[in-house]
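Please treat every number below as a calculation from the coordinates, not as lab data. Remember, predicted model here, so these are calculated numbers, not experimental data. Glycine also receives a Cβ, built like all others from the backbone with ideal geometry; neighbour counts cover every protein chain displayed.
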Amino acid sequence: MTESVVPLRQEPAISKPSAAAPSGNRRAGSDRRHQLSATRRAKKPSLWVRYLGVGARELGIIVASVAAIVFSVRSMRPIYANSPPVAEALVKREPIAPVAKAVLEPPPPATDSSAVDKLVATPEFEADRQAFAADLVRTGRVPQARADSIAFYAVREAYIRGIPPAVIFGVMLTENAQFISKAMSDVGAVGLMQVYPKIWLKELSAKFGKDLASDSTNLKYGVYILAEYLKPKSRPLSQESLMKGLLKYNGCVRGTHTPHCKTYPTKVKTYVEKEGESLCGDKSFYDCIAKPFVAGLLGQREEAH
């Protein structure tokens, strides 16, 4: 039996890829991770580079916005820059309804305030104010700044009501020798002039306010009450009328509740003569207080008021 010879299978020869061969085999080609292509993303930049880019962009937007605002402010002018206020234009335009005109027009200045300003601007007022303050400081219980404040309000109210400043000085020392704004007596009288709120708040709070512990308010009350009792604008301020008015201010009419209240005018007189050196000098109580007003100063101040 003849044996047939089966030819051996020949394996195809494997040839090495050439340099020009297509890059089907990735392992055969070079590293292309750093090469840009349509299908490959480049390496992401670092965070610092990204932050710097965002910051530069935001800064550019801010600078551009500020430049635009500055340009607008300098180059543009409001239409109504030199025009009068709308309310003023409406008031000037005629005809206008009386009600609207009353609402839009500013109120006229208060006559009383202007009269008081004139009184305060006089040389006599300044002289009395300085004298009043000097006597307060001389007591040793009031510093200069507070003395100036008290003197201004006291003398101003004195001129308005026609009361001699020395009377107010004497009453103040008799009522509150320590000059304590919030001082309160056993019966509830308050402040520099010891005003009794139970009686006077109801009558005068709408006119002067309710803060009796305030020096200015308290002096408005006290001097007004003195003027009500002394009535200097309706009669000459005689020594007798002065004493009676001081007794009424103290609430001493019959003296049944306070037997020694009759001495009140004498206390006021003593304080004026001893402590009112700048206000009265070497004048007596009556010469310092009553005579100047009887001689015509009161009439001049009434005309000013």
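Overview of results
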{"read-out": "Dipole of segment 122-304, positive direction: furthest Cα of A147, L230, I168, with charges on the beta-carbon", "value": "L230"}
{"read-out": "Long pairs among K182/K262; K231/K274; K207/K262, criterion Cα-Cα beyond 29 Å", "value": "K207/K262"}
{"read-out": "Ranked list, fewest to most other Cβ atoms within 10 Å of each Cβ, for W200, W48", "value": "W48, W200"}
{"read-out": "Sorted by Cβ neighbour density within 10 Å, fewest at the top, the residues K267, K207", "value": "K207, K267"}
{"read-out": "Convex hull volume of segment 122-304 per residue (C-alpha atoms, cubic angstrom)", "value": "116"}
